[in-house]
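The values are calculated or read from the model by the stated rules, or taken from the named source; none is laboratory data. None of these values were measured; they are calculated from a predicted model. For neighbour counting, all protein chains shown are included, and Cβ atoms are generated from backbone atoms with ideal geometry for every residue, glycine included.
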Amino acid sequence: MAKESEMKQKSVDPATLEMLEVVCDSDVDATTIWDRYERMQPQCRFGELGICCTICLQGPCRINPFGKEPSRGVCGATAYTIVSRNLIRKIAAGCAAHSDHGRHVAHTMKALVDGKADAYSIKDEDKLRAVSQRVGIDVDGKDTMELTKELLGKVFEDYSRVEHEPLTWLRTTLTPKRMEIADRCDVLPNNIDAAIVEVMHRTHIGVDADPVPLIFNGIKCSLADLAGEHISTDLSDILFGTPMLTFTESNLGVLKKESINIAMNGHNPVLSEIICDVAEEMTDAAKEAGADGINIVGICCTGNELLMRRGIPIATNFASQELAIMTGVLDAMIIDYQCIMPSLGMWTRCFHTRLISTSDLCRQAGDTHIEFNPSSAREDAKRIVLLAIEAYKDRNEKIIHIPDVKESTCVGFSTEQIEEILSKVSDDPYQYLADKVKEGKIQGFGALVGCNNVKTCHDLNHLTIAKELIKNDILVIATGCAAGAYARAGLMSSKATKEFAGEGLKEVLTELGEKFGLDDALPPIWHMGSCVDNSRIHDFATMLANKMGIDIKDLPVIASAPEDMSEKAVVIGTWLVATGWPTHVGVLPFIHGSPLVVEIAENTARDVFGGYFVFEEDPNEAARRLVNIVKNRRWRLGIGEDKETIYWSGYTKEDVFAEKPEVAADGGEEE
Ligand code: SF4
Ligand code: MSK
């Protein structure tokens with residue numbers, strides 16, 4: 001068994017640590033992500049630096065990172081070409097994942113319009129009308145299905161346009177200044193699929209070797225990704241309802257020994273929503289099997305989707321997904337796609353758990369495959385729930401271990417919900433927020449997003465950075481596995497506001513919570529949803545920027561992916577930078593083999609877009625730098641404290657100005 005000190009380095013989540021102890025003591029011959037990471041050491045330094053190329057079969061080619069030979073690949077490519085090509089291929093893969101997710105929701109909606117998906121309906125007609133209007137559809141006199149069909153036409157156009165016009169989902173969601181900059185830089189995509197294809201073509205051997213156009217092409221693809229994410233969010237809200245404030249619980253303690261436990265893992269809500277509907281109708285079958293009912297829990301972003309819309313408890317985020325099986329009470333793990341560990345089949349074979357795949361995109365050896373089909377969604381869902389009920393009978397009571405760890409969680413901060421909350425204190429909701437920013441009660445906003453990465457102590461970076469931001473009156477908005485970490489650590493609760501928020505932030509959250517009728521403060525971290533729901537973060541910042549009459553590059557905002565891992569995190573970080581966000585990543589991307597590419601990410605991007613990357617592995621140092629960036633932006637807006645008194649909470653003048661002064665996004669001189 002590992003020593004306690006070693007265990008502590010793996011995670012700061014008490015439920016995870018408890019389960020790792022159980023695993024160490026058991027006879028099960030299977031490995032966790034932490035075991036496999038240890039066995040993988042040392043990892044390839046060439047790969048980490050991004051200077052290994054396998055693009056053609058003359059490779060792999062590796063560049064000497066110390067300036068000696070070989071300095072070029074067999075074809076002549078230098079480090080900056082290889083690093084840029086590798087980087088933008090990751091961007092394209094992330095864009096493919098998000099935008100294909102959006103396409104699948106659109107196909108489900110199309111099946112509904114065609115009368116071939118009776119399990120579905122339009123749950124949020126207001127959103128249907130609002131999105132339709134936003135994208136330029138005349139909604140007057142049109143019925144629901146007519147409008148849905150017309151909206152889908154606009155959606156599919158963004159995946160297939162031939163004309164050189166920008167994507168509708170960018171043209172109608174970016175600030176005017178952003179559109180102007182993107183247009184000037186020639187990074188406005190006209191077609192989501194074509195943007196991915198262009199990256200793949202450009203990075204083929206013997207095509208683009210210049211790092212600048214390569215990276216700008218990656219930025220273009222990242223903006224296509226933003227559109228794909230936005231389409232996913234908009235259509236999911238229309239089909240399944242826009243999230244509203246919901247109270248629930250989080251962490252492995254939400255699993256119930258007496259119930260049939262089903263975990264929904266992945267990203268796309270099209271089947272999981274129907275499984276929830278069907279499970280409610282199958283309680284009798286569960287009781288016949290000896291259970292007291294069916295308990296659905298979430299993992300990763302399918303978990304976030306269900307958490308936001310239905311208050312379904314979230315059990316784990318990415319790194320701890322295997323541990324849900326190890327509790328011995330998980331009767332079925334249902335997977336759709338993305339961020340599903342290929343080790344799950346190994347673990348379900350060690351337990352009674354059924355691993356049920358639902359998309360032919362994402363299969364595992366040993367799974368039971370029930371292909372999701374919108375036309376047979378209810379039947380598919382019933383078959384899946386019945387498999388879980390069957391599995392329940394095979395449980396081994398002797399190996400059950402559920403950590404008694406769960407936290408109260410308040411979620412559901414869609415932009416629509418935020419607006420409704422703010423409307424209780426002002427007729428002009430975003431003006432209220434703008435005023436609080438100007439007064440300094442809220443110093444700024446921190447978007448904390450992204451994954452877990454086993455290279456960091458699980459959830460430590462997430463929690464360290466979030467606590468420091470809210471202590472400094474920076475309101476945190478969160479998505480993805482970052483949000484999962486905060487939910488499971490109890491940071492999405494009124495209690496956390498009292499315990500961790502700075503005085504100004506606490507005052508605002510208490511006023512908002514009480515006026516909204518909660519009798520308590522709102523949480524200091526607002527859960528905005530899954531990975532694709534970073535589009536909500538984009539909308540939130542855009543609305544605030546428009547209200548304040550400035551661009552996002554001037555807003556006192558920062559973004560951070562404290563434990564970035566997936567290619568989707570790479571693409572999200574890229575469009576955040578392109579839309580004006582200073583964006584921290586806590587795990588270094590594979591680009592440091594080219595000082596030129598690092599320079600573009602940290603500095604050139606700032607000159608051109610106003611956003612830029614902040615690479616910092618130490619979470620305390622990262623938090624310090626992020627707080628300083630917010631203060632720096634406030635000061636530049638003329639709403640910071642006086643130059644001599646700006647420095648508070650232990651931050652020195654040197655700290656604040658250690659960050660390089662920002663340069664106007666239009667390429668103008670430093671102010
Ligand atoms: Fe080597 Fe060039 Fe082929 Fe890459 S594309 S593997 S650098 S020969
Ligand atoms: S699930 S992309 S590990 S956030 Fe969206 Fe989590 Fe990152 Fe996957």
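Cβ separations smaller than 9 Å between residues 6+ apart or across chains give the following pairs from region 210-226 residues that are within 20 Å of Asp533 (Cα to Cα) to residues that are part of a helix (DSSP H, G or I) and basic (Lys, Arg): Asp225/Lys568. Within region 60-96, the residues that satisfy the criterion of being more than 16 Å from ligand 2 (Cβ to nearest atom), surrounded by 23 or more Cβ atoms within 10 Å (Cβ to Cβ) and within 32 Å of the chain's Cα centre (by Cα) are Ala79, Tyr80, Thr81, Ile82, Val83, Ser84, Arg85, Asn86, Leu87, Ile88.
Summed over region 358-409, residues that are part of a helix (DSSP H, G or I) and within 23 Å of Leu252 (Cβ to Cβ) total 10. Starting from residues that are within 14 Å of ligand 2 (Cβ to nearest atom) and out of contact with any Cys (no Cβ under 8 Å at 6 or more places or on another chain), keep the ones in region 537-573 and report whichever is farthest from Ala130 (Cα to Cα). The qualifying residue farthest from Ala130 (Cα to Cα) is Pro562. Scan region 70-110 residue by residue and report those that are among the small types (Gly, Ala, Ser) and assigned to a loop (DSSP other than H, G, I, E, B). Across region 70-110, the qualifying residues are Ser71, Gly73, Gly76, Ala77.
Could you please let me know if Asp284 is part of a helix (DSSP H, G or I), modelled with pLDDT of 95 or more and over 17 Å from the mean Cα position of the chain (by Cα)? Considered against the rule, which asks whether it is part of a helix (DSSP H, G or I), modelled with pLDDT of 95 or more and over 17 Å from the mean Cα position of the chain (by Cα), Asp284 comes out as yes.
Yes/no per residue for (1) out of contact with any strand residue (DSSP E or B) (no Cβ under 6 Å at 6 or more places or on another chain); (2) β-branched (Val, Ile, Thr):
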position: Gly241; (1), (2): yes, no
position: Gly253; (1), (2): yes, no
position: Ser259; (1), (2): no, no
position: Ala263; (1), (2): no, no
position: Ile275; (1), (2): yes, yes
position: Ala279; (1), (2): no, no
position: Thr283; (1), (2): yes, yes
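Within region 625-639, the set of residues being of a type in the set (A, V, I, L, M, F, W, C) and out of contact with any strand residue (DSSP E or B) (no Cβ under 8 Å at 6 or more places or on another chain) comprises Trp635, Leu637, Ile639.
Just so you know, in region 304-321 the residues that are surrounded by 24 or more Cβ atoms within 10 Å (Cβ to Cβ) and in a helix (DSSP H, G or I) include one that is nearest to ligand 2 (Cβ to nearest atom), and it is Asn304.
If only residues of region 25-59 that are surrounded by fewer than 16 Cβ atoms within 10 Å (Cβ to Cβ) and within 10 Å of ligand 1 (Cβ to nearest atom) are counted, the one that is farthest from Met341 (Cα to Cα) is Gln58. Just to be sure, is Ile537 buried (at least 20 other Cβ atoms within 10 Å of the Cβ), under 22 Å from the mean Cα position of the chain (by Cα), in a strand (DSSP E or B) and more than 16 Å from ligand 1 (Cβ to nearest atom)? In short, no. Scanning region 578-624 for residues that are touching a strand residue (DSSP E or B) at 6+ places or on another chain (Cβ under 6 Å) and in a helix (DSSP H, G or I) yields Ala601, Glu602, Ala605, Arg606, Asp607, Ala622. For Arg624, indicate whether it is closer than 18 Å to Ile181 by Cβ and touching a residue at least 40 places away in the same chain (Cβ under 8 Å). No.
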